[in-house]
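Scroll down for the structure; my scribbles are underneath it.
The values are calculated or read from the model by the stated rules, or taken from the named source; none is laboratory data. Quantities reported herein were computed from a predicted structural model and do not represent experimental measurements. Reconstructed Cβ throughout: ideal geometry from the backbone, glycine too, with neighbour counts over all protein chains shown.
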Amino acid sequence: MPEEKKRVVIIGAGVAGLLVAQQLRKQKELAVTLVNEHDTFLFLPRLTELFSGSIPQQKALLPLKHVWKGDFVLDQANLVNPAEKSIILNSNATLPYDILVVATGSQVNYFNTPGSQYSYPFYSWEDSEKLREHVSRMLEADEQQGTHTFAIIGGGPTGVETAYALAHIVHKQRPGAKVLLLEAGPTILKVLPPKLAEAVRTELEVAHIDIMTNAKVLDITPMSISIERTEGGKETIPCYTSVWAAGSKPRTLQISGIEYTPRGEIPVRPTLQSQVDSNIFALGDCAATGTPKTAQAAVQQAALAAGNIIAHVKGKQLAPFTYAEKGTVVALEKRTAGIFYGKLITGFLAQQARDKYYQYQLRSYQ
Ligand SMILES: Cc1cc2nc3c(=O)[nH]c(=O)nc-3n(C[C@H](O)[C@H](O)[C@H](O)COP(=O)(O)OP(=O)(O)OC[C@H]3O[C@@H](n4cnc5c(N)ncnc54)[C@H](O)[C@@H]3O)c2cc1C
């Protein structure tokens with residue numbers, strides 16, 4: 001009698017989850033099922049380029065049926081019962097597993113900011129489409145009502161890339177429109193090496209993006225943003241478009257017996273197995289791995305998780321995760337800037353290097 005295949009269920013077909021699935025696909029002893037709430041795969045690091053229209057969709061947004069030929073469940077996973085090794089889906093269906101992989105990514109975090117519902121988050125393809133429609137409406141209205149301000153809240157890499165992409169769209173039609181980047185801290189891009197942050201800052205100025213630091217957003221309305229300056233004083237900025245890029249938090253689903261960290265992540269061992277259940281693996285943005293919440297880290301974790309799942313099934317020793325920083329790039333169209341092998345490279349060359357790298361990476365998802 002041939003031995004029964006182990007059922008591996010992966011929740012989340014994003015940067016980490018789909019890669020684990022592809023790497024396990026050819027294992028004869030495994031039956032892999034992918035669960036995702038959308039029928040598309042989005043390579044998130046290229047979302048700002050999709051938004052600005054500077055890359056075609058096939059470079060970052062792929063129908064899952066074109067890339068994943070295995071079992072697929074189009075649904076949202078809501079609840080995991082590890083005692084019964086089962087997952088309850090939004091449709092109320094139950095999905096059994098032997099090994100579970102949780103790779104549910106991140107969601108927007110508004111930090112309880114009043115009026116956050118009036119800002120546009122920028123963390124998914126749907127977010128990008130809603131923002132694009134809103135910006136088109138604003139640009140049309142501009143013709144009758146004068147020039148608007150387009151504000152981006154959050155001076156981290158996501159906010160900066162979004163501001164640049166937005167300026168690209170807005171200034172094409174309304175060169176005089178104000179694009180304003182708001183940051184609560186004293187400096188933008190504080191997570192990046194200083195020489196890269198400085199180079200990017202220069203490019204933002206060249207692109208006529210106003211930067212306001214030490215400006216904490218207190219309140220958002222459909223027509224304004226209220227801020228508090230670190231040096232004292234409050235201001236209200238008239239503004240019909242505010243984009244929220246000031247924070248994200250892990251996406252969670254209820255897993256009985258698992259207590260999330262205060263940041264909302266799944267606690268994991270160095271092997272990426274849950275600390276309380278060796279049949280549950282977690283990786284990417286939703287796992288407490290201590291690494292940056294980046295695609296770079298998620299991709300490296302996916303490779304390790306796939307190898308460890310095979311080892312786990314075969315009763316072999318699992319390996320610990322170690323993170324290797326490969327460089328950082330900020331996508332600014334033809335003015336892209338990045339640190340490659342310790343060297344700052346800017347402009348067309350950096351844009352081409354990033355494009356080639358991501359094109360190569362995308363092939364491992366197909
Ligand atoms: C605008 C933006 C730009 C970025 N740029 C970069 C960059 O340049 N470089 C970089 O390294 N990183 C970048 N990042 C971060 C990077 O994209 C994330 O760290 C990475 O995508 C994390 O991978 P993941 O697999 O954990 O989550 P994701 O890629 O987000 O995938 C999660 C998947 O799970 C699905 N899902 C979630 N919950 C459920 C559920 N309950 N049931 C079913 N499906 C579910 C989601 O729909 C999604 O498909 C960027 C992020 C954003 C938002």
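Which strands (runs of 3 or more DSSP E) sit wholly inside region 143-248 and have at least 2 residues that are modelled with pLDDT of 95 or more and closer than 25 Å to residue 44 by Cβ? So that I can check it myself, show each step before the final result.
Working: elements: 149-153, 178-182, 209-212, 215-221, 224-229, 234-238, 241-244.
Of the strands (runs of 3 or more DSSP E) lying wholly inside region 143-248, those with at least 2 residues that are modelled with pLDDT of 95 or more and closer than 25 Å to residue 44 by Cβ span 149-153, 178-182, 209-212, 215-221, 241-244.
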Going through region 202-223 one residue at a time, which ones are touching a helix residue (DSSP H, G or I) at 6+ places or on another chain (Cβ under 7 Å), touching a residue at least 60 places away in the same chain (Cβ under 8 Å) and not hydrophobic (A, V, I, L, M, F, W, C)?
-> 221, 222
Could you grab the pairs with beta carbons closer than 8 Å, sequence gap of 6+ or different chains, first residue in region 92-109 and free of Cβ contacts under 8 Å to residues at least 24 places away in the same chain, second one assigned to a loop (DSSP other than H, G, I, E, B)?
-> 93/75
Do we find a residue being more than 22 Å from the chain's Cα centre (by Cα) and more than 28 Å from residue 203 (Cα to Cα) anywhere in region 350-364?
-> no
If you take the residues of region 253-291 that are touching a residue at least 60 places away in the same chain (Cβ under 8 Å) and surrounded by fewer than 14 Cβ atoms within 10 Å (Cβ to Cβ), which of them is nearest to residue 89 (Cα to Cα)?
-> 254
Filter pass, residue 152 being away from the ligand (no atom under 16 Å from the Cβ) and buried (at least 21 other Cβ atoms within 10 Å of the Cβ) | no
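For the condition touching a residue at least 60 places away in the same chain (Cβ under 8 Å), among the aliphatic types (A, V, I, L, M) and either within 12 Å of the ligand (Cβ to nearest atom) or part of a strand (DSSP E or B) (or both), what is the one hit in 339, 310, 345? Write out each step before concluding.
On the way: 310 fails: either within 12 Å of the ligand (Cβ to nearest atom) or part of a strand (DSSP E or B) (or both); 345 fails: touching a residue at least 60 places away in the same chain (Cβ under 8 Å).
Testing whether each residue is touching a residue at least 60 places away in the same chain (Cβ under 8 Å), among the aliphatic types (A, V, I, L, M) and either within 12 Å of the ligand (Cβ to nearest atom) or part of a strand (DSSP E or B) (or both) leaves just 339.
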Any idea which residue in region 313-335 is nearest to the chain's Cα centre (by Cα), counting only those that are within 13 Å of the ligand (Cβ to nearest atom) and not hydrophobic (A, V, I, L, M, F, W, C)?
-> 328
